[in-house]
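Visitor: Got a structure for you, written out below as structure tokens; questions coming shortly.
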């Protein structure tokens, strides 16, 4: 599993978790390893990406539009249901 997929999986598990004690343990762990707080910036490094810059630029525009509620999104459950119905996934 690549790093970004693992991050997404962990975030999904944290969001789904309702156990306060466990969430506090995760918070303590992240504080011990000097994880950045929300809003703080990680230093970006340049990588050789196969994804063209124009794709990243469009994603950034779409994300800003989403944050400004200019575009709508669908819940994952609805998208997953439609994919299963249409493609049997």
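Rundown of residues vs (1) under 17 Å from residue 7 (Cβ atoms); (2) in contact with a helix residue (DSSP H, G or I) (Cβ under 6 Å, 6 or more places away or on another chain); (3) in the same structural domain as residue 7 (by TED's automatic domain parsing); (4) at pLDDT below 70, yes/no style:
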| site | (1), (2), (3), (4) |
| --- | --- |
| 20 | no, no, yes, no |
| 25 | no, no, yes, no |
| 30 | yes, no, yes, no |
| 33 | yes, no, yes, no |
| 44 | yes, no, no, yes |
| 53 | no, no, no, no |
| 56 | no, no, no, no |
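Visitor: If you don't mind, another one. Taking region 8-34 as the region of interest, how many residues are more than 27 Å from residue 76 (Cα to Cα) and surrounded by 11 or more Cβ atoms within 10 Å (Cβ to Cβ)?
Guide: Qualifying residue count for the region: 2.
Visitor: Hey, does region 53-66 have a residue that's farther than 22 Å from residue 12 by Cα and surrounded by fewer than 10 Cβ atoms within 10 Å (Cβ to Cβ)?
Guide: yes
The values are calculated or read from the model by the stated rules, or taken from the named source; none is laboratory data. As the structure is a prediction and not an experimental result, all values here were calculated from the model. Glycine also receives a Cβ, built like all others from the backbone with ideal geometry; neighbour counts cover every protein chain displayed.
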